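Every number in this text was worked out from the coordinates using simple rules, so none of it is lab data. A quick note: this is a predicted structure, and the numbers were derived from the prediction, not measured. Cβ sites come from the backbone with ideal geometry, for glycine too, and all protein chains shown count toward neighbours.
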Amino acid sequence: MFDMFIFSFLFLWNLAGVFGVDSVKSVSVTEGESVRLNSNLTEIHRDEEITWKFNNIMIAKLNMKENTISVYNDSAEGRFRDRLKLDQTGSLIITNTRITDSGNYTVTGKSSKIPLNIFSLTVYALLAVPVISRDCSSSSSSSSSQQNCSLLCSVVNVSDVTLSWYKGNSLLSSISVSDLSISFSLHLEVEYQEKNSYSCVINNPISNQTTHLNITQLCHTCPDCFHCGFTEAAIRLALSALVGVAAVAVLVYDIRSRSLQQKREQTSPSDTD
C-alpha cells in the first residue's frame, strides 16, 4: 500500500513537472484592456481537449479531435458575452476587460488530468485624475490661517487605491481605500509664499495619475472660497444699499422741491386789472 502511494505521488509529481503548473500566476490589467492567458502547452495531441474554467465555471473548450472551439458566453452569469476568444494553442483571450472579470482562471488538459495553468486575474478600474481645490471649511480668522492656504485633493468612484500628497519627491501624507468609495479627500496646508512644488497622486498597483498644485492660482486668489466670496458679496451689498439710499434721497428732494415751487406759484398775488 505504501509503495503504491509513493508510486502515485511520483507519477503525479512527474505530470505536474511536464504538464502542470508550479503556482498560481497573478495577472493584473486596467479595465478596458485585453489580456491573454496562456495554456502552457508546448505540444497539443490530436485527441487533446483543453478546457477553461472561471471560478470553477466552464467558459471555453478546445477539442482537437473534432477541430472545434467552443466559447460559453452565457456562462458565469453572461459576464463574458462576445469577449472571449480561444486560439489553436488553447490560450484564452479576454477582450475589453471589466472589473467583474477578476477571479481565478484554470486551464486543464484531458491527458494531464491536472491544471496546466492557474491564473489569478485582477482588473483595476481606470483612475480618474485627482482634483485639487481650496478647503474653505478650514478657513478662520486666526493669524495662522491667514498665513496658510488650506487645500483638498479629491477623487471619486474609486476602489483599492492610495491618495497621496508629495512635496517634490518626498511623501507628506497618504490615505488608502480598499472598498468602493463614492469620494474621498486628503487635506494639505501650505504657506501662501511657498515656492516648493506640490503634487497629488492617486495610484493602484499598476497605474497612477498625478495633479500638480498651482499655488498662485489657488492660494493667492480666492474665487471658490466661501468666506472670501461672502466678504465680497457683503461689500457689494453695502455699496448697492448706499447707492439706493442716495437715489431715494435725491428723488425725495426733487419731489419736495417741485411741491414747494407749486405752492409758491399758487400763493403769489394775481395780476391786477
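Arrange the following residues from fewest to most other Cβ atoms within 10 Å of their Cβ: ASP87, ASP160, ASP101.
Fewest-to-most Cβ neighbours within 10 Å comes out as ASP87, ASP160, ASP101.
Can you compute the FRET efficiency between SER28 and GLN209 using 1/(1 + (r/R0)^6), with r the Cβ-Cβ distance and R0 = 25 Å? Round to the nearest 0.05.
0.90
Residue separation times 0.36 nm, minus the C-alpha to C-alpha distance between GLU194 and SER176: what's the value? Don't jump to the answer; show the numbers that get you there.
Details: separation 18, 0.36 × 18 = 6.48 nm, distance 2.71 nm.
Full-extension gain reported as 3.8 nm.
Could you please rank ILE202, ILE182, placing first whichever residue has the fewest other Cβ atoms within 10 Å of its Cβ?
Ordered from fewest to most neighbouring Cβ atoms within 10 Å, ILE202, ILE182 come out as ILE182, ILE202.
Using Cβ contacts closer than 10 Å as the measure, can you line up CYS219, CYS136 from fewest to most?
The most exposed by this proxy come first: CYS136, CYS219.
Semi-axes of the equivalent ellipsoid for region 131-221, please: Cα gyration tensor eigenvalues, times 5, square-rooted, ordered largest first, whole Å.
25, 15, 10
Given points 7 Å out from each Cα along the Cα-Cβ axis, report the ASP74 to LEU126 separation in nanometres with one decimal.
3.2
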